[in-house]
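First comes the structure, then the notes that go with it.
The values are calculated or read from the model by the stated rules, or taken from the named source; none is laboratory data. Because the structure is predicted, anything quoted here is derived from the model rather than measured. With ideal geometry, Cβ positions are generated from the backbone for all residues, glycine too; neighbour counts draw on all protein chains shown.
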Amino acid sequence: MTLGVLAVLGMAFTMFAGFWTDWLWYRSVHYSSVFTTVLWTKIGLFFVFGLLMAAAVGVNIWLAHRLRPPLSAMSMEQQSLDRYRMGIAPYKKWLLLAVTALVGLIAGASAAGQWRTWLMWVNGVPFHQKDPQFHLDVSFYAFDLPWYRFLLGFGFAAAILCLIAAALTHYLYGGLRVTSPGARATGAATGHLSVLLGIFVALKAVAYWLDRYGLAVKSSDFKATGDWTGLRYVDANAYLPAKTILFCIAVICALLFFATLWRRTWQLPVIGFGLMVLSAILIGGLYPAIVQKFQVQPNEQAKEAPYVQKNLKATREAYGIDDAKVTEYSGQSTTKDKTKLRGDAGDAASIRIMDPNVVSPTFQQAQQMKNYYAFPTNLDVDRYPAKDGKDKDQDTVIGLRELNLDGIPKNNWINDHFRYTHGFGVVAAKGTEADDQGQPVFTESNLPSKGDLGTYEQRVYYGEKTTTYSIVGGPQKEVDYSADNGDEKTTSYDGKSGVNLDNPINRAAYAVAFNEPQILYSGAIGKNSRILYNRTPKERVEAVAPWLTIDGDAYPAVVGKRIQWIVDAYTTSNGYPYSSRTTLGDTTADSLTAANNNRAVVAQQNQVNYIRNSVKATVDAYTGEVKLYQWDTQDPVLKTWMKAFPGTVQPKTAISSDLMSHLRYPQDLFKVQRELLSRYHVTDAQTFLTGSEVWQVPDDPTNDSGSAVPPYYLSMRMPDQSERSFSLTTTFTPNGRDNLSAFMAVDSDPGTSDYGKIRILKLPTSTTADGPKQVQSQFNSRPDIAETISLLTRGHSKVQYGNLLTVPLDGGLLYAEPVYVLGGKLKYPLLGKVLVTYNGKTAFENTLDEALDKVFGVAGSTTTPPDTGTTKPPSSDNPTVQQALDDAQKAFDAGQQALKGPNGPDWTAYDKAQKDLKAALKRAEDAQAKAAQSGGGKNADKSGADKSGTDKGGGQRSG
């Protein structure tokens, strides 16, 4: 008994711990209203529908028992049942309670899972758009119909359970007989069961009526266009009238069942039910098949065209692609002025040669600083003000130096959760430049980070790699960062996020929730200790807004002296009439998601046929504060959720100008739209039905994943634009072919009126332009390029291709691709060459400018590599320091020569030169420090200033 009581108490406390920790977390992020709204909705649905189901089953069991006939053991069947009746007689009430409680719990739990359906139904707002068939507002299909279907399903379940329970009770007490002589059912049993059957058939009539509206959101496999949604010819002219006829038959059949209360015979109801089943087969199945075979198939395009036109219009509206502008584009330049073309090439786009999906190991090598820091596998692209004055903004590759617990000196509970708790600093580099060694040109670097971004809070407690909990703010100091002299700085978290562990109940709850008993009694936890968890941006936004679908790529930005994670979020629906469905998980997959399992794919494998980027969310990297901003002010789905969860979403006007400058068009929405536009770029039903204009997203030609090429961010100018705009771009090829059929870009700069405008350049079908796969194949097949790549790959080096960017230029298409070299012991990529092709001319040169000059045959403006401070030796009055600096210069020169070897880079010699460079700089530093201690005066100061400049430059070059 004691063990049993303890087990029950343990289970109860475990359940309480989960509930209590959830409540504490929501309260800590100031979204407790979300927790309570969802909780009370679930509780309300559980009790209402649980009690309804329990009452329905219980009442019918009680009624069947009350209508039992006088007992008479006239047969072996009744004598056998008599033993059961006597056995359960003492426990009738308890048995009734147990049965009703069981079905009530199951029904209540099922209903509680429909909290989203209930909230959308009760808070739904109109779309102010009507479907073309029934002329009902779209909100009926998006908000009302799902709830009606749930009620219908619940009614069917209740009717079937009541029918089974009543039949078993009547049989047990003799109201129904199988082998006994005489009538098979008493009049009371006949009337009772007939009413239940009549209710079931009446519900079937309601189902037939709702099925009529369900045709507007019904998916079907149409061979001409694939999966699409809405009524086709056979639906409107066969299924729709059939459903109406079956509704009438079901109503008549239900009335016949109810009539048995007076007639006490099942003859007419059974005939009516058989007629309904036969009608369902003939009218609901055979007749539509005949119409499809003999009316539609002989002239399918003419019959289906009006319905396809409705599908085209609805799909384009539902996915926000109805304003996509399709423009004819020749694909070939006719300009003879090469100088003008070369100048236009520099103005058309900020061609990014730092691929954020390739250079993360280079960031890691140059800027990791400590093993317990790490960068994400895929870095991000953002815009920051340019310091050179050439452009207003420059495309920047950015990443955070996040915490990497696998790299700490020793893993134990204290180190993992108390001492190593956060990352430190932003690292950013110009997207369009590389230094003369092929390394990124950092605009923000070192530890602590310094550069163009100014002063900001650099500690990263919340990030994509912080997947475990940390306990901060207590007696145990945290490792902050290492100073220049190697000393380890410590800190103590003073933010307000997390849950306070002062309370012993809280500690016990988290000890159970995290299965970690030490939380309960550890001396490292004291006053002001706080536990931080749910620390990735995606987790936090999903938790505070469970009604949103989160984009797979959160990205960091320095906003208002803070590092903010920016998260795009979507509202979706599966009930937009006539709009075709897509599976988000499949549509948003590409070569990056295939290669990087850590990158989240938007949503699950759920199907939607309406999507809006309705919310922009931010997560503070230090405090974890989550803010939701209304982005799409017209979206009725968002308005519905804002009614359900008032106060959780801030208005669009609350977005600061600093934050606005870093917002962008989300990748996953763009992927969904480009997948739909591969078919729905046409607006004519006849063309759509022929399938002659179907496109496809090409596979990524730079790797062997066999997955779709990802979209790329870059600042570029489309033909109808006067200046460059930050854009998201992709290409299309004809279905089953590799030549280019279209180029697509969306304006991603929210500071312009064109934000979200989709532009498609459609190439003529009479001529062929090379697609990405063909361009890559030409790169690889040219003898001179193949020979150069062969030289680059000697000595265990490898070549890695970066993003193949496409830029429209004067009627033609310019392709540019950075090529990286991973050499010998250096396991990180350095920019080695740049591939460029235009109008059939290809160049493979050391820099982008050189490649463009060669392609166009004229020289353009050059981008001078940044002066890192080591191109000429500094001077010093201290002979020891001067000798060390001379040695450093020699080591640097030797490294440069190793990179420019006749047979490609000599990575062994380069590695030795870097070690010599580091040793020489260390000697200079030690000599300078010694001179300073002995009062070296002005000369020592001068030497120190020169040494500092050299050390900075050498550090950049050696990585």
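If you go through the stretch 273-290 one residue at a time, do you hit one that is in contact with a Leu (Cβ under 7 Å, 6 or more places away or on another chain), among the polar types (S, T, N, Q), farther than 17 Å from I199 by Cα and surrounded by 15 or more Cβ atoms within 10 Å (Cβ to Cβ)? There is at least one residue in the stretch 273-290 that is in contact with a Leu (Cβ under 7 Å, 6 or more places away or on another chain), among the polar types (S, T, N, Q), farther than 17 Å from I199 by Cα and surrounded by 15 or more Cβ atoms within 10 Å (Cβ to Cβ).
Scanning the stretch 1-28 for residues that are of a type in the set (A, V, I, L, M) and surrounded by 14 or more Cβ atoms within 10 Å (Cβ to Cβ) yields A17, L24.
The C-beta contact set for the stretch 168-188 (first residue assigned by TED's automatic domain parsing to the domain that holds L63 and farther than 16 Å from R264 by Cβ, second residue part of a helix (DSSP H, G or I) and at pLDDT 75 or above, distance under 7 angstrom, 6+ apart or interchain) comprises T169/I61; T169/A64; T169/H65; Y173/H65.
Has the stretch 544-565 got any residue that is under 30 Å from D144 (Cα atoms), among the hydrophobic types (A, V, I, L, M, F, W, C), part of a helix (DSSP H, G or I) and at pLDDT 95 or above? Yes: the stretch 544-565 contains one or more residues that are under 30 Å from D144 (Cα atoms), among the hydrophobic types (A, V, I, L, M, F, W, C), part of a helix (DSSP H, G or I) and at pLDDT 95 or above.
Note on the stretch 708-726: residues that are assigned to a strand (DSSP E or B) and touching a residue at least 60 places away in the same chain (Cβ under 8 Å) total 7. Of the residues making up the stretch 690-726, those that are more than 16 Å from R352 (Cα to Cα) and small (G, A, S) are G691, S692, S705, G706, S707, A708, S722. Within the stretch 841-854, track down each residue that is without any contact (Cβ under 8 Å) to a residue 60 or more places away in the chain and farther than 24 Å from T793 by Cβ. Result: K841, D849. Of all residues in the stretch 776-814, exactly one satisfies the criterion of being over 20 Å from L848 (Cβ atoms), under 33 Å from the mean Cα position of the chain (by Cα) and polar (S, T, N, Q), namely S777.
Among the numbered conditions (1) assigned to a loop (DSSP other than H, G, I, E, B); (2) surrounded by 19 or more Cβ atoms within 10 Å (Cβ to Cβ), the only one that T335 does not meet is (2).
Looking at the stretch 734-804, the strands (runs of 3 or more DSSP E) lying wholly inside it that each contain 3 or more residues that are of a type outside the set (D, E, K, R) and under 29 Å from K833 (Cα atoms) sit at 742-747, 798-801.
Does K370 satisfy the condition of being free of Cβ contacts under 8 Å to residues at least 40 places away in the same chain and basic (K, R)? When the stated conditions are applied, K370 does not pass them.
I160 meets the stated requirement of being of a type in the set (V, I, T), in the same structural domain as T100 (by TED's automatic domain parsing), in a helix (DSSP H, G or I) and within 48 Å of the chain's Cα centre (by Cα). So which residues in the stretch 464-488 are of a type in the set (G, A, S) and within 14 Å of Y420 (Cα to Cα)? Correct list: S470, G473, G474, S482. With the checklist (1) under 37 Å from the mean Cα position of the chain (by Cα); (2) loosely packed, with under 15 Cβ neighbours inside 10 Å; (3) among the charged types (D, E, K, R) in hand, flag the one item K310 doesn't pass. Of the numbered conditions (1) under 37 Å from the mean Cα position of the chain (by Cα); (2) loosely packed, with under 15 Cβ neighbours inside 10 Å; (3) among the charged types (D, E, K, R), the odd one out for K310 is (2). For the stretch 405-461, filtered to residues that are crowded, with 16+ Cβ neighbours inside 10 Å and among the hydroxyl-bearing types (S, T, Y), the residue that is farthest from A348 (Cα to Cα) is Y420.
Against the numbered list (1) crowded, with 21+ Cβ neighbours inside 10 Å; (2) touching a Phe, Trp or Tyr at 6+ places or on another chain (Cβ under 9 Å); (3) part of a helix (DSSP H, G or I), F670 comes up short only at (2).
Residues that are without any contact (Cβ under 8 Å) to a residue 40 or more places away in the chain, of a type in the set (G, A, S) and surrounded by fewer than 23 Cβ atoms within 10 Å (Cβ to Cβ) within the stretch 727-763 comprise just one, S753. Here L763 does not fit the description of being in contact with a helix residue (DSSP H, G or I) (Cβ under 6 Å, 6 or more places away or on another chain) and of a type in the set (A, V, I, L, M). Residue count for the stretch 477-515, restricted to those that are among the charged types (D, E, K, R), over 19 Å from R27 (Cα atoms) and either in a strand (DSSP E or B) or in contact with a helix residue (DSSP H, G or I) (Cβ under 9 Å, 6 or more places away or on another chain) (or both): 5.
Just one residue in the set L152, L168, L136, L161 is more than 27 Å from D235 (Cβ to Cβ) and surrounded by fewer than 18 Cβ atoms within 10 Å (Cβ to Cβ); that residue is L168. Here I61 meets the list (1) part of a helix (DSSP H, G or I); (2) closer than 30 Å to M642 by Cβ; (3) at pLDDT 90 or above almost entirely, failing just condition (2). If you go through the stretch 29-57 and keep only what is buried (at least 20 other Cβ atoms within 10 Å of the Cβ) and not hydrophobic (A, V, I, L, M, F, W, C), you end up with Y31, G50.
When D658, D738 are checked against the criterion of being touching a Gly at 6+ places or on another chain (Cβ under 6 Å) and at pLDDT 90 or above, D658 stands alone in meeting it.
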